[in-house]
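The structure appears below as structure tokens.
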Amino acid sequence: MTCNTAPFCVVAFAVLALTTPVARAQQASNPSKEQTGSAERGGRSLALGWGDGYLFQGANGDRSRGSSNLLQVGFRVRPSWWVLLERRGMTGALSNDRIGQTASTVALRWAPFGIAGDNGQRFGLALRRFSILVGGGLGTRTIKSDSESSSSVMKFGVAATGGVTWTPIVGHGWSVGLGLSDSIVRASGQTHQHVVSDLVLTVEL
């Protein structure tokens, strides 16, 4: 998966790199967390997703099927609550144009049964392992005509995302499942939507 929103990727990975050693140091100084049987690990997560979905064009009802991708970095703030930095991208075609649309947001996730497998668990099923998220941030929409002489036009705006993820396949510190999301981008006075389903791999760090 390529990351077309380079500043977002740099910030997300920099924050993850800086905070993970701190979380591990705190965990090492307070071993009671594992002694209480907690199934969670360091309170940081990384998720990647690939799938497909539909782009919707304004109020005229035009739609196009295309491919989607997800990059997500998470930080646990409460046992069941996470703050996420995420980028959801979608590419497709409408009329004679190739469309790329992204929603780079800060989101809040509720995961009452955790996001990954228990410590020491190699492989298993956890049918109750789901999460719900909602977020807002920056949206982009890139338009390129099929004409070889045309150049890409990128429009910036605001974005909102909501979604649910079900990850029943779990192992030690990881999970795999299906994510469904609906993202809306408001740019240049027009509202655009992409609804996607992704295969999501989540790793808790």
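Is it the case, given these coordinates, that residue 127 is in contact (Cβ under 8 Å) with a residue 40 or more places away in the chain and in a loop (DSSP other than H, G, I, E, B)? Yes, satisfied. Against the test of being among the hydrophobic types (A, V, I, L, M, F, W, C) and in contact (Cβ under 8 Å) with a residue 40 or more places away in the chain, the options 108, 85, 94 yield a single qualifying residue, 85.
Of all residues in segment 103-114, those satisfying the criterion of being outside any loop (DSSP other than H, G, I, E, B) and surrounded by 19 or more Cβ atoms within 10 Å (Cβ to Cβ) are 103, 104, 105, 107, 109.
Being within 20 Å of residue 196 (Cα to Cα), crowded, with 22+ Cβ neighbours inside 10 Å and of a type outside the set (Asp, Glu) is true for just one of 117, 177, 139, 100. Which residue is that?
Numbers: 117 fails: within 20 Å of residue 196 (Cα to Cα); 177 fails: crowded, with 22+ Cβ neighbours inside 10 Å; 100 fails: crowded, with 22+ Cβ neighbours inside 10 Å.
When all the criteria are applied, what remains is 139.
Residues in segment 34-42: is at least one crowded, with 21+ Cβ neighbours inside 10 Å and either modelled with pLDDT of 75 or more or of a type outside the set (A, V, I, L, M) (or both)? Yes, segment 34-42 contains a residue that is crowded, with 21+ Cβ neighbours inside 10 Å and either modelled with pLDDT of 75 or more or of a type outside the set (A, V, I, L, M) (or both). Residues in segment 120-132 that are farther than 17 Å from residue 205 by Cα and either in contact with a strand residue (DSSP E or B) (Cβ under 6 Å, 6 or more places away or on another chain) or crowded, with 18+ Cβ neighbours inside 10 Å (or both): 123, 124, 125, 126, 127, 129, 130, 131, 132.
The values are calculated or read from the model by the stated rules, or taken from the named source; none is laboratory data. The model shown is predicted, which means the values in this text are computed figures rather than measured ones. All Cβ positions, even for glycine, are placed from backbone atoms using ideal geometry, and neighbour counts span all protein chains on display.
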